[in-house]
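The values are calculated or read from the model by the stated rules, or taken from the named source; none is laboratory data. Quick caveat, the model's predicted, so the values are computed rather than measured. Methodologically, a virtual Cβ is constructed for each residue, glycine included, from the backbone with ideal geometry; neighbour enumeration extends over all protein chains shown. Note: areas computed on protein heavy atoms with side chains; ligands, DNA, RNA excluded. Shrake-Rupley method; radii C 1.70, N 1.55, O 1.52, S 1.80 Å.
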Amino acid sequence: MITICLVTGGNRGIGREVCRQLAQRGHTVILTARDAKAAGQAARAVSHAPRAVAAAPAMTAEPLQLDVTDEASVAAAARHVGERYGKLDVLVNNAAITYDTWQRATTADLAVVREAAETNLYGPWLMVQAFLPLLRASEHGRIVNVSSAVASLAGLGGGTPAYSASKVALNALTRMLAAELRDDGILVNSICPGWVATDMGGPGGRPVAEGAASVVWGATLPDSGPTGGFFQDGRRLPW
Ligand SMILES: NC(=O)c1ccc[n+]([C@@H]2O[C@H](COP(=O)([O-])OP(=O)(O)OC[C@H]3O[C@@H](n4cnc5c(N)ncnc54)[C@H](OP(=O)(O)O)[C@@H]3O)[C@@H](O)[C@H]2O)c1
């Protein structure tokens with residue numbers, strides 16, 4: 001059975017490595033990026049990445065333009081996937097912006113907070129609504145919302161307010177979708193990759209491969225796997 005996976009923000013960082021790891025497992029990967037050229041370059045890099053064993057099947061990543069804040073772009077991507085594959089098995093909502101370490105909740109620029117929510121919350125929400133008919137057409141639908149442990153309400157402080165509020169709300173979306181889609185057999189989880197050395201995470205974080213593996217775990221859950229949870233490296237995080 002061919003598994004079709006779509007990753008947002010697949011041109012760099014954790015998203016690109018998630019694409020590589022999914023392709024390495026033999027899945028068909030639709031690597032999306034808001035810049036079509038960046039999607040093409042990253043998809044070529046993934047397709048030509050070294051394979052675990054020489055005899056392993058060719059790894060393929062198909063590039064696709066997709067800006068999660070642009071309704072027309074999301075609709076066009078859903079149309080394309082529908083026409084080409086007729087279903088979507090795995091949606092990884094990875095794209096995100098604004099790790100606003102320079103702000104505090106009491107003085108935050110609300111324009112920045114709203115802008116972060118457009119990408120980090122409404123983007124994934126729009127993606128799910130647009131791709132839901134295709135996810136329902138899959139027998140093993142999975143939605144991974146890439147979240148962050150900093151959004152755990154249990155430990156929330158006043159820092160990174162735009163980012164944290166958007167990810168807290170994303171976690172709420174995970175719970176709502178999981179409840180609504182349980183009967184469709186679609187598993188929906190929030191996954192934290194840990195602190196990862198990317199453009200967003202900065203130096204000092206763990207290797208991208210480890211962060212991506214945490215996300216891939218949620219994308220490749222068996223049918224008996226959890227739904228409506230918050231995980232890092234396969235272990236539950238407190239909400
Ligand atoms: N790095 C960490 O330590 C860490 C920790 C916890 C959670 N996370 C989460 O992990 C995920 C990936 O983070 P990362 O560290 O890989 O970040 P990153 O290196 O900054 O990459 C972010 C990706 O999102 C894309 N993106 C931004 N806005 C977009 C839009 N409107 N439409 C489509 N794509 C868009 C970017 O595309 P462009 O190249 O076009 O900008 C880029 O591909 C995020 O959800 C982040 O919140 C990261």
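For ALA209 paired with SER224, estimate the spin-label separation in nm (one decimal), with each label point 7 Å from Cα along the Cα-to-Cβ line.
In this crude label model, ALA209 to SER224 measures out at 3.0 nm.
DSSP loop (so not H, G, I, E, B), at most 11 other Cβ within 10 Å: list which GluC sites (Glu not before Pro) in region 50-150 pass both filters.
GLU139
Whose amide H sits under 5 Å from the amide H of ILE30, counting only residues 5 or more places off or on another chain, with H placed in the peptide plane?
Close amide H contacts, sequence-distant or interchain: CYS5, LEU6, VAL7, GLU62.
Give me the percent of the accessible area of the chain that comes from carbon and sulfur atoms, probe 1.4 Å, all protein chains in place.
Whole-percent figure for carbon plus sulfur exposure: 54.
Counting helices only, and only those DSSP H runs with n ≥ 4, report the 222 nm mean residue ellipticity of the chain as the sum of -39,500 (n - 2.57) divided by its residues, in deg cm²/dmol to the nearest 500.
That calculation yields -12500 deg cm²/dmol at 222 nm.
In region 99-185, what chymotrypsin sites (Phe, Trp or Tyr not before Pro) fall in a loop by DSSP, with at most 14 other Cβ atoms inside 10 Å? Please list the in-between numbers first.
Values: sites: TYR99, TRP102, TYR122, TRP125, PHE131, TYR163; in loops: TYR99, TRP102.
When the chymotrypsin sites (Phe, Trp or Tyr not before Pro) of region 99-185 are filtered for loop state and at most 14 Cβ neighbours within 10 Å, TRP102 remain.
For the chain, find the longest principal axis of its Cα atoms and tell me its angle to the long axis of helix 208-219, 0 to 90°, nearest 10.
On a 0 to 90 degree scale, this one is about 80.
Calculate the FRET efficiency for ALA105 and ASP233 from the Cβ-Cβ distance with a Förster distance of 22 Å, rounded to the nearest 0.05.
About 0.15, to the nearest 0.05.
Which part of region 1-44 falls in the paramagnetic zone of THR60, meaning amide N under 15 Å from the point 7 Å along Cα-to-beta-carbon?
Residues passing the 15 Å test: 1-6, 23-31, 43-44.
Could you do me a favour and compute the accessible area per residue for the chain, 1.4 Å probe, result in Å²?
Working: 10970 Å² over 239 residues.
Per-residue value: 46 Å².
Pull up all non-local amide H partners of GLY194: gap of 5 or more, or a different chain, and H-to-H distance under 5 Å with H placed in the peptide plane.
The list, which skips near neighbours in sequence, is ALA149.
What residues qualify as long-range amide H neighbours of GLN103, i.e. H under 5 Å apart, gap of 5 or more or another chain, H built at 1.01 Å from N?
THR160
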